[in-house]
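**Q** Okay, here's the structure, questions in a sec.
The values are calculated or read from the model by the stated rules, or taken from the named source; none is laboratory data. The structure displayed is predicted, hence computed values, not measured ones. Cβ coordinates were reconstructed from backbone atoms using ideal geometry, including for glycine residues, and neighbour counts include every protein chain displayed. Accessible surface areas use protein heavy atoms only, side chains included; no ligands, DNA or RNA. Shrake-Rupley method; radii C 1.70, N 1.55, O 1.52, S 1.80 Å.
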Amino acid sequence: MALRRSPSSTCAESWPNGAGYSRVATALSESSSIHSDAFYHLTKDASSIGMDPVTYTILESEPFTGESWAEESQSPIQHKSMQISPSEDKIPVVETASSPQTSGEGLYFCDGRRKVDYVLVFHQRRHSSIRHGTSASQDRLSIVSNGNFPPTVGSDVAAGRGGGGIPGGEAANVGEVCMELGGAGGSEPTEPAYHEMRLIRQEFEANLLEAGLEIERDRELKTHGPSFTRLHAPWPVLCREAEFLKIKVPTKTSYELKEESGFGSSMSTMWRKLNQPFQPKVHQDHERTKFLSHCFSRDKLHLYNITSKDTFFDNATRGRIVYEILRRTPCVRTCQTIGISTLIAKGVYDAAFPLHDGDYKVIGHLEERNDRQVLHEEWARYSAFYKYQPIDLVRKYFGEKIGLYFAWLGVYTQLLVPASIVGIIVFGYGVATVDTNIPSLEMCDERLNFTMCPLCDGACDYWHLSTACGTARASHLFDNPATVFFAIFMSLWAVLFLEHWKRRQISLSFSWDLTGIEEDEEHPRPKYETILLQKRQREQKKKKKKKKKDEPEKQEDGTVTGKDRWRQKLLSAMAAGIPSAIEKLTWKDRLPGYFINVSSILFMFGLTFSAVFGVIVYRITVSALMAMSPDPDIKSNVRVTVTATAVIINLVVILILDEIYGAVALWLTELEIPKTETNFEERLILKAFLLKFMNAYAPIFYVAFFKGRFAGRPGNYVYVFNDYRMEECAPGGCLIELCIQLSIIMLGKQLIQNNIFEIGIPKLKKLVRALRDKESAQKESEGERPPQQWNLDYALAPFEGLTPEYMEMIIQFGFVSLFVASFPLAPLFALLNNVIEIRLDAKKFVTELRRPIAARAKDIGIWYNILSGMGKFSVIINAFVISFTSDFIPRLVYQYMYSQTGTMHGFIDHTLSFFNVSNFKPGTAPQNSELGDITVCRYKDYREPPWSPEAYQFSKHYWSVLAARLGFVILFQNLVMFLSLVVAWVIPDVPKTIVEQLKREKKLLVDVFLQEEKEKFQLIQSLFAKDGTLQSSSQMLPPNQGLPLLGRFSTLPSGPTSGDGGAWPRTRCRAASFSQFTRKISSSSRNENENSRHTAV
C-alpha cells in the first residue's frame, strides 16, 4: 500500500515567513502505525527545531501516463507548489533536446557558465505495478480524520503534473488522506521502497538547496536507467565552506626562494641540465617564486589574488567542498541519517562523485590540454617510464592523499636503484668466485668419494655427494661472504629510505601548504549509525513498556483523556527526530564482534599453517616416489623438481588465500563497528596486513628456519603419518631452496597480480560493461544525444581506496628487506616491477577510475609505522638467516678454530658425520645397493661417530658452532641497530632550507597583518577626524543627542545620526575586517534600526 495525494486531500497554508507550504493532511487513528517521524514532519512546521520549512508535495504516485513518467525523474521541488522558502529556489529540469553541448563538454550546467562540481546518481525504475489509464477513483480509499488534526480551509496551490490547477468545484477536504490499494483493477501492488527512496531524495536535495548549492537535472525520457543530479557551489558557498575547512590559499604577497651560491649552485645547475630529459612537460609557474598562503577568510578577500571567482578554487577543491556539504547534510525527517555515504549505503543513491576534467584523449592543440590530458600524456603512459612523476599536478588533480602515495612510491622506487646495483655486484661476486670456492670444489670432486646415507627408507640407495655438485655451485652464488655485507647494507638502506621519505614528506607538506592543518572532523559511518539507531530504538521500546505499566491505572482513574493521549503520541513522534541521549556504542555492543575477530583470525592462521603443511606432505611423498624411480635422470633431479613444483603450488595457494583474506579482513572490520572511516581504514589495514603477511611469508619462514631442523638422524628419523620421513636440507644447505622459494613467489606474485588482477580483470569488466551498454543503447531511441561527461564517468569503476596499492608495495618491501640475504637480486626485480607499477596505477587513476575526492592528508598514516616495524624486524630476520640458514658461521668456525692450514680445505669432511649401516632399523636399509657392500655412510650433522662412547650424540663442534651463531645474531643486531640510530641522527627530519623558509614565511605573514592593522587604524582615525571636523562646523546638536567618546579603541565612528541619515556622505572603510556578507533582515527591522547602523572593525 502506497500513499497517494489527491486534489481533495491537500490544502495550502502560509508560513509566517511568507513561504507557501503544501500540507498533506493525514488522518491517523490512535492505533494507526503510520504516525512515523517521516509523515509527521511532513505535516508539521519544523521551524521549532531550527529547520526551514520545505514545500513538499511528495506523498504522491500518479497513475502512469507517458508524460507523467517522464516527469517522475524530477524532484517535486521543481513544481510551482514546491518552492523552497524563502529564496524560492528550484531544481531546473533541462529538456533533453534543448540541452546544449557546451564548450566544457558536459562540465557545466545548461547555461554554460556554472560548473558541475558534483554528481549524484540514482536509478529510476518503472515497475509493472504502475497502471495505464486507471482512474484515481477506482483505487483510492479515503480515511476520514478523527479530529486530531484541526480542519483548515485553503486553496490547494499544488498544481497537477499536467500544470492545471484544481477545479474550484472540488472542495479541499483536509481531514482525509488517500491510500492506494494494490488490488484495484487487477494490477500488482507498487513497490513501497521505491517511493520511500523518492521521499528521502526529495528531502535531501531540499536540504542541499538550503545549504546554498544549486541543482540541475535532465528531464529523462527513458523508462529506466540512471538519473543524474548535478550540483554547483556558487561563490558565497565556496567562501563559507573554505573558511570552515580552513583551506589555505595563496595571497598576493610572494618572495623569491633562496638560491645556492658557489660550488653548490654550479652543481645544482649541472644536475638540472642532466635531469632535463627526464622531466615531464608540465607547465610550472613561478618556479623560483613562492606565494604566501593563509587560511581562507571572507574578511580578508583583499589579501588574495582573486582574478576570477570561477577559477580561484580549482576543480579538486570545489569537489571537496561540495563533498563536505554532502557529508554533513542531514536527512532526519524520512530516514534519520546524516550524509551522502549513509544514503548510498541505504540504496537511496547509487553513486556520488566529482567529474573528471573532460576526456583524457588530446583533441586539438597541445596548448589547450586540461589537467587530465596532461597527466595522461606525461604520466599515465608506459612510454614515459623514464620520466619523473609530475607530483604537484597529481596532487592538484587527485588531492594530497593520492599525491602522497605516488610520491612515496616514487621515493621507494628511486632508492631501489642503489640497492639493485649493490645486489648485482654481490651476485656478480658469487659468479666470479664460484670456480675458486673450495667447499664447492670438494663437493664436486669425485675422488673424495663421500658415500651418503639413503634419502628414504627401503627403496632409496646410497649415493655419492658429487652428484649434488650443481646444487653446491648454485648455492655459492647466494651464500658467500659478500652476502653478509649485503644484509648489513640493506638493513641500513631500510633506515635510510624511511629517513629520506620523512624529509621528502615534510618538503611536500611545505610545498603543498599542509603544515599546521588540523584533522577534519569525521562523521560516523553508515553501519555505525544504523547499529546506534537500532540501539536507541531498543531503549525506546524498553521505556515504552515501562510507561505502559502505569497507563492502565491512569486510564481507569479517568485522568488521561483520548485527546491528551494523542497529544502525547504526537510529542513522542516529534521527539523521534531528535537524537537520543545514547551517543555512542560501548565495548559491550562490540564484544560479539571482537570474539568473532579473534576466533576468525586464529582460524585463518591455522588455515595458513595447514596449507604449508600440505605442501610439506606433497614434497615428502613426491620425493619418495621419485627416489624409487628406475630412471637415473629423475633420481638426480629430485630436489630441484620437488622444490620448483612445491613453490608453484605455494604461489597458487598464496594468491587464492590473498583474495579470501582480503574479503575476510573487510568482513571482520565491519563486525567491529568502527565509528569513523579513519578508524575503519586503520583496523582494516592491520587485519589485512597481518593475514597477508602470514600467508605470503609462512612458506618462506618454514624453509629458512624449520626445514631440516627436526628431521632426526639415520636410525632415528622423525616420521609423518608413521610412513614418511621429514625432509632434510640439501648438502649445500637450505639457502638455495630459500632463494628458489623467495624468487618464484615474489616474481610470480608481482607478475600475476599486475598482469591478471590489475590489468586483465579490469579490462574484462570494462569489456563486459561495454557490451551490456551497447545492447541497452540499441534498445533506446536513435535520437539519443551523445553521452555527457557524467555519463562517461559513471561508466568508470568506483575508487575503492589506496589500501590494495599500499598493501602490494608493503608485501614487496618485505621480500626486499626481510630475506634479502638469500636473494640479492630481489631489489632489482622490485625495481623493474615498480617502474611498471607506477605507470599502471597512473593509467588506472586517469582513465579507468572515477575521480576520487581530493582528500587532505599530512602523511601516509599507519603505513609508515608498518614500514618502520618491518625495517626493524628485517634486522633480526637477516641475522638469523645468515647465522642458521647459511653456512657462513660454520665456515668461519672451521677456518679459525679447526683448520690446520687456516684455509677451507677439509671443510666438507668436517661437516659430515659417520653412521654404521648396521644400526638401521629393520626394513629401512637399502635392499640391493648398486654401490656394493657399504658399512659406513655419511650424513650432514655435528655428531659423535659410532665408535665413540657417546655415539650419535651432538659433538663439541656442534656446540661451538651454535655459540658462534648466537653470538653473531647478537653482534649483528646491535651493530645494525647502532648504525641505524647514527643514520637517523645524522640526517635531520626537516631539511634546513625548509626550516629557513618556514621562519621567513612566518615573519612575512606577521608583517602583512601588522601593515593591515596599521592601515585600518589610519583609515579609522582619518574617518573620525573628518567626521569630527564636519560636525564642529555644523549647527548645535539637541541636548538628547551626543557624540560618542572618541578613543584609540573606539569602534563607533562619529557621523550624522539623524533619522534621515544626515546630509553628509558616509565614508566607507575598505579594511579587511569589514563584513563582506550581511544577514538578511526584514524591512520593518531595517527601518527601525536604520539610525543605529555602524561599521564593525
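**Q** With (1) among the hydroxyl-bearing types (S, T, Y); (2) at pLDDT below 85; (3) surrounded by 17 or more Cβ atoms within 10 Å (Cβ to Cβ) as the list, and T676 as the residue in question, which single condition is left unmet?
**A** The failed condition is (3).
**Q** I'd like the residue in the range 798-812 that is crowded, with 20+ Cβ neighbours inside 10 Å and not aliphatic (A, V, I, L, M) and, out of all such residues, is farthest from the chain's Cα centre (by Cα).
**A** Q812
**Q** Also, quick follow-up: Can you go through V969, V1008, V961 and tell me which one is at pLDDT 90 or above, farther than 30 Å from C453 by Cα and surrounded by 15 or more Cβ atoms within 10 Å (Cβ to Cβ)?
**A** V969
**Q** So which pairs qualify, if the first residue must be in the range 871-890 and within 16 Å of A482 (Cα to Cα), the second must be among the basic types (K, R) and open to solvent by 10 Å² or more (accessible area, probe 1.4 Å), the Cβ gap must be under 7 Å, and the two must be at least 6 apart or on different chains?
**A** Cβ pairs passing all conditions: S883/R965; I889/R965.
**Q** Now for a separate question. Is it the case that the range 727-735 has a residue that's part of a loop (DSSP other than H, G, I, E, B), closer than 20 Å to L802 by Cα and of a type outside the set (D, E)? So that I can check it myself, show each step before the final result.
**A** Within the range 727-735, the subset part of a loop (DSSP other than H, G, I, E, B) is 727-734.
Imposing the further condition that a residue be closer than 20 Å to L802 by Cα reduces the set to none.
Checking the range 727-735: not a single residue is part of a loop (DSSP other than H, G, I, E, B), closer than 20 Å to L802 by Cα and of a type outside the set (D, E).
**Q** One residue is enough: does the range 357-367 have a residue meeting the conditions open to solvent by 30 Å² or more (accessible area, probe 1.4 Å), in contact with a helix residue (DSSP H, G or I) (Cβ under 9 Å, 6 or more places away or on another chain) and within 27 Å of V495 (Cβ to Cβ)?
**A** No, that holds for no residue.
**Q** Among the residues of the range 896-918, write down those that are closer than 12 Å to Y939 by Cβ and assigned to a helix (DSSP H, G or I).
**A** Restricting attention to the range 896-918, the residues satisfying the condition of being closer than 12 Å to Y939 by Cβ are 911-917.
Hits for the range 896-918 are T911, V917.
**Q** Filter the range 481-494 down to the residues that are surrounded by fewer than 24 Cβ atoms within 10 Å (Cβ to Cβ) and of a type in the set (A, V, I, L, M), then identify the one that is farthest from G423 (Cα to Cα).
**A** Checked the range 481-494; the qualifying residue farthest from G423 (Cα to Cα) is L492.
For every residue, the table says whether it meets (1) at pLDDT 90 or above; (2) not in a helix (DSSP H, G or I).
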residue	(1), (2)
G319	yes, no
R333	no, yes
A345	no, no
K361	no, yes
K401	yes, no
F406	yes, no
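**Q** Only one residue in F880, F888 is open to solvent by 10 Å² or more (accessible area, probe 1.4 Å) and modelled with pLDDT of 90 or more, so which one is that? Quick ask: steps written out before the conclusion?
**A** Working: F888 fails: modelled with pLDDT of 90 or more.
Going through F880, F888 in turn, just one is open to solvent by 10 Å² or more (accessible area, probe 1.4 Å) and modelled with pLDDT of 90 or more: F880.
**Q** Could I ask something else about it? What are the residues in the range 679-709 that are surrounded by 18 or more Cβ atoms within 10 Å (Cβ to Cβ), of a type in the set (A, V, I, L, M), farther than 18 Å from I531 by Cβ and within 18 Å of the chain's Cα centre (by Cα), if any?
**A** Scanning the range 679-709 gives I685, A688.
**Q** On to the next question. Filter the range 844-877 down to the residues that are over 16 Å from the mean Cα position of the chain (by Cα), surrounded by 21 or more Cβ atoms within 10 Å (Cβ to Cβ) and within 30 Å of D357 (Cα to Cα) and list them by number.
**A** V846
**Q** Moving on. Considering only the range 911-941, how many residues are within 60 Å of the chain's Cα centre (by Cα) and either without any contact (Cβ under 8 Å) to a residue 24 or more places away in the chain or over 25 Å from G458 (Cα atoms) (or both)? Walk me through how you get there before you give the answer.
**A** Initial filter on the range 911-941 (within 60 Å of the chain's Cα centre (by Cα)): 911-913, 924, 938-941.
Adding the requirement that they be either without any contact (Cβ under 8 Å) to a residue 24 or more places away in the chain or over 25 Å from G458 (Cα atoms) (or both) leaves 911.
Of the residues in that region, 1 qualify.
**Q** Related question: Which one is nearest to K763 (Cα to Cα) among residues in the range 832-866 that are touching an Asp or Glu at 6+ places or on another chain (Cβ under 9 Å) and in a helix (DSSP H, G or I)?
**A** The initial filter retains those residues of the range 832-866 that are touching an Asp or Glu at 6+ places or on another chain (Cβ under 9 Å), namely 837, 840-841, 844, 849-851, 854-858, 861-862.
Filter once more, keeping what is in a helix (DSSP H, G or I): 837, 840-841, 844, 862.
Details: E837: 16, L840: 13, D841: 14, K844: 11, I862: 31 Å.
The extreme case among them is K844.
**Q** What about F605, is it over 30 Å from Y724 (Cβ atoms), of a type outside the set (K, R) and either open to solvent by 50 Å² or more (accessible area, probe 1.4 Å) or at pLDDT 70 or above (or both)?
**A** Working: over 30 Å from Y724 (Cβ atoms): no; of a type outside the set (K, R): yes; either open to solvent by 50 Å² or more (accessible area, probe 1.4 Å) or at pLDDT 70 or above (or both): yes.
The answer is no for F605.
**Q** Then there's this: Would you pick out the residues in the range 425-440 that are open to solvent by 80 Å² or more (accessible area, probe 1.4 Å) and not polar (S, T, N, Q)? Write out each step before concluding.
**A** Filtering the range 425-440 down to residues open to solvent by 80 Å² or more (accessible area, probe 1.4 Å) leaves 425, 429, 435-436.
Across the range 425-440, the qualifying residues are I425, Y429, D435.
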